Amino acid sequence: MAEITEKDVKSIDTYSVKCKSCGGTMVFNPEKQTLYCEHCGNEIDVQKDFDVKENDIKEGFAHAEMWDADEQATYRCGNCGAVVVVNRDEQASLCPFCGTSHIVKEGSFKGLKPQVVIPFQFGADRAGEFSKKWARRRLFAPRKFKKSLSPENMHGVYEPCFTFDSNTVSYYEGRVGEHRTRTVGSGDNKRTETYTVYYRIKGTIEHFFDDIFIATNANFAQEKFWKIQPFDTKKSCVYENKYLSGFVADRYQRDIKDCWEDAKKSMDKRIREFIRDRHNYDVVDYINVRTTHNDVKYKYVLVPVYMMNYRYKNKSYDVYVNGSTGKVGGKTPVSPLRIAIAVLLGAAAVVGLALLFLHSGFLD
């Protein structure tokens, strides 16, 4: 494996890396975590910088580094409107979100440069294997669909997101109730009734939230992040242009203020779960929570996602794979025949149990 020089490192920061042996463009190899020339097989090993910095949210975007126009170019899909970012010397031929070739060069992205990247840890072939295993577990998915999943249709996309850390102190007060029973009446009117005893609660909860991931656009919304989390943050390193070689990056649409509001909502939901776990109750009348956020930090991160878009009976479906852990999410078509068989089997099981009880004398 060739040694890398300071000159090579500088070229990685600014441009796509050219192979010294044949002049071809080198791509990032997830399996070996190297830059690899697909033309002649030459490899370059570049040391990763794991010294990831947290950023004070008070500084916001005021001092954030912008993405140099000489580093990247953007392409817009004419079909679904997605905009992806590639290294300046590369081209995008297919949209990773809808799979069409109606994609045209738009120019450079005048926005923030990523600060952190979680590199892909495996290639498209292995991502295809993960998706096939996932599909085989989808009971109602048609067999034809399961056979159609192919790694050739997998596209590696770095999805942008903000992560937030916060030391929280929450003060709460509320009113909850416990159900109790009592016997009332007498004679023929004697009966048991349920009533609720309410009491007030209050207290303080302190909790540190670390790396709350918030999606930045509609192409890969928050619910998709939830389905394939967590990402392997131990692999996080300082962003360098080399990780984009051979891949594309989705462009962010929402700024840090919007994402921070979503992060606070996510934290508030978790804090309320902590409060409920503290108390015994059957019903909640209300709980008011006032939270103070201290020492808030953020990072602008690119996370690795393999995407596969396919059509089945004129409908579009997608499958996405966490490029650091292999966890799979997505939607599949449903086979009416498989559902009908499941319903019939369920009905047969119910009838069988009823006959068993009948012959056993339990229903006499």
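Rule-based calculations on the coordinates, nothing more; no lab input. For clarity, every value in this text was computed on a predicted model and none was experimentally measured. Ideal geometry is used to build each Cβ from the backbone, glycine not excepted, and the neighbour counts take in all protein chains shown.
A few points about this structure:
- Inter-probe distance in nm under a simple model that places probes 7 Å from Cα toward Cβ, at Ser316 and Phe274: 4.1
- Sequence-distant lysines (8 or more away, or on other chains) whose Cα lies within less than 21 Å of Lys297: Lys53, Lys58, Lys113, Lys234, Lys235, Lys257, Lys264, Lys265, Lys269
- As a calculated quantity, the FRET efficiency between Trp226 and Glu59 at R0 = 35 Å, using C-beta atoms, amounts to about 0.75.
- For region 110-223, relative contact order (Cα pairs under 8 Å, six or more residues apart, normalised by length) works out to 25 percent.
- Sequence ranges 261-268, 51-58, ranked by mean other-Cβ count within 10 angstrom, highest first: 261-268, 51-58
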